[in-house]
Amino acid sequence: MNTVELKTEQRGFFVEPWRMLLWLLIAQLMVAFVGRSLGPLGILIGEDLSLSKAEIGLLPSALFIGQAIASIPVGFMADFIGSRRLLLMLSLCLGVSFLIMTMLTNFIFVLLLVLIGGLGYGAMHPTSNRGIIYWFSQTQRGTAMGIKQMGITFGSALAGFLLLPLSATFGWRPVLLTACVGLIITGFVAFAFYRDPMGSLKPRKKEGISFFIRALAEMAKNKPLLLVSLSAMGLNGSQMCLNTYIVLFAYEKMGISLFLSGILLVISEVSGSLGRIGWGIISDKLFNGRRLIILMIIAILAAIASTIVAFLPEGTPFLALVLVIILFGFCVSGFNGIWMNIASELVPKEQTGLSSGYSITLGSMGVIFVPPIFGLMVDQNGHYTAGWLSITAIMGMVIVLLSILSYQVRKSRLRGS
């Protein structure tokens, strides 16, 4: 091989992972674009189907229940068949189910199809995470995972920016149907251009459900993985509280206009997108791939931000509130890439799909349980201070869990040496 051929081969070796990341990012973004459309389109769907506020709230709940159901089995499947085929299968699952949903008027059937779509939405996480772990080195994964995870918040923001105004003009059904067609096309394109790394798929004999149960039981015995998943439960729940209540808090408590209150939500999502990349770069460049200390810093800063918000007086300047929300969103909406990396790196490479699915399932519980607790605190006390302080308390518990995890990791390393 001559010098030119060698340089070309080396350049391809370094460029190829980033090219594969592009397809993982596009798939993740389009899945979020369609799946997270339920938030901005909820009011229009509710008007069309004559739904109550509680019934509208069941739509995203069904999506995340689907995510919790699918994450473990699809993560397990990803370890066997790789990410490439699953990118197509999951895009079809979400795209087709939501496409059919646009043709129905019965709420029960709509809810069922949202849950089925949630299987594809949630299972995309362990599928794409596996691609990151196999394509990138230890000191690149934080940045790569952050970029990939940014597709979720960016897709969500894009749904609010594009789908809501278009649906207000043309109706939510044709607009969402068009978005579903775009997702399905994206799935086929990703399948055509994405490749699993050489050697990542090893031939294995077929195993039954008993093998899956044994593998899951072994995963459940992994105490570090359990600790980081419980920590993610608190952070995920806090993220959903910020997204759910910041508009109401700013409008009702701070006396800010509804338009500017909505802008705060956009700011928190944009900050989260930047956080998913920023924390990954920080962990790669400044901490040499160490993720645990980053998650600890995130929890501490989130606790500080929630405490500040709890005690903000009425009449606080909008700019001051913006600065606090930027910090808050950067932390609780930007931690996901670091979490996914830790969950994937705590197990051998051949188990990264299952470990991601296991951790996502546990972490998703926070989205279901923490926001109602926040709302209950507000209802019982008549103000938001108790709600924001409940997030501070949750961050305190997260810090304790991460401290225990850090001790266990250090003890394991000492044993290994």
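The values are calculated or read from the model by the stated rules, or taken from the named source; none is laboratory data. These figures come from a predicted structure and were not determined experimentally. Here the Cβ is made from the backbone with ideal geometry for all residues, glycine too, and neighbour counts use every protein chain on show.
Remarks
- Only one of the listed residues (Leu230, Leu242) is under 30 Å from Pro313 (Cβ atoms) and either without any contact (Cβ under 8 Å) to a residue 12 or more places away in the chain or under 18 Å from the mean Cα position of the chain (by Cα) (or both). That residue is Leu242.
- Only one of the numbered conditions (1) in contact (Cβ under 8 Å) with a residue 24 or more places away in the chain; (2) out of contact with any helix residue (DSSP H, G or I) (no Cβ under 9 Å at 6 or more places or on another chain) is not met by Pro313, and that is (1).
- Restricting Ile213, Ile209, Ile184, Ile256 to residues that are modelled with pLDDT of 85 or more, farther than 27 Å from Ala299 by Cα and not assigned by TED's automatic domain parsing to the domain that holds Phe64 narrows the list to Ile256.
- Out of Ile304, Ile277, Ile282, one residue alone is surrounded by fewer than 24 Cβ atoms within 10 Å (Cβ to Cβ), among the aliphatic types (A, V, I, L, M) and modelled with pLDDT of 95 or more. It is Ile304.
- Which numbered condition Leu104 fails, given (1) surrounded by fewer than 18 Cβ atoms within 10 Å (Cβ to Cβ); (2) within 23 Å of Ser355 (Cβ to Cβ); (3) of a type outside the set (S, T, N, Q); (4) modelled with pLDDT of 90 or more: (2)
- Selection from segment 38-53 of residues that are at pLDDT 75 or above and part of a helix (DSSP H, G or I): Leu38, Leu41, Gly42, Leu44, Ile45, Gly46, Glu47, Asp48, Leu49
- Residue count for segment 86-98, restricted to those that are crowded, with 21+ Cβ neighbours inside 10 Å and among the hydrophobic types (A, V, I, L, M, F, W, C): 6
- Total residues in segment 154-177, condition over 21 Å from the mean Cα position of the chain (by Cα) and farther than 15 Å from Leu44 by Cβ: 0
- Just one residue in the set Gly289, Gly334, Gly329 is farther than 27 Å from Tyr251 by Cβ and either at pLDDT below 85 or not assigned by TED's automatic domain parsing to the domain that holds Ile152 (or both); that residue is Gly289.
- Within segment 158-172, being part of a helix (DSSP H, G or I), over 9 Å from Ser37 (Cα atoms) and among the small types (Gly, Ala, Ser) holds for Ser167, Ala168.
- Count - residues of segment 253-263 that are assigned to a helix (DSSP H, G or I) and either over 13 Å from Thr316 (Cα atoms) or among the small types (Gly, Ala, Ser) (or both): 6
- Candidates Thr127, Thr153, Thr139, filtered to the one that is surrounded by fewer than 21 Cβ atoms within 10 Å (Cβ to Cβ) and of a type in the set (Ser, Thr, Tyr): Thr139
- Whichever residue in segment 285-301 is surrounded by 24 or more Cβ atoms within 10 Å (Cβ to Cβ) and not β-branched (Val, Ile, Thr) and, among such residues, is nearest to the chain's Cα centre (by Cα): Leu295
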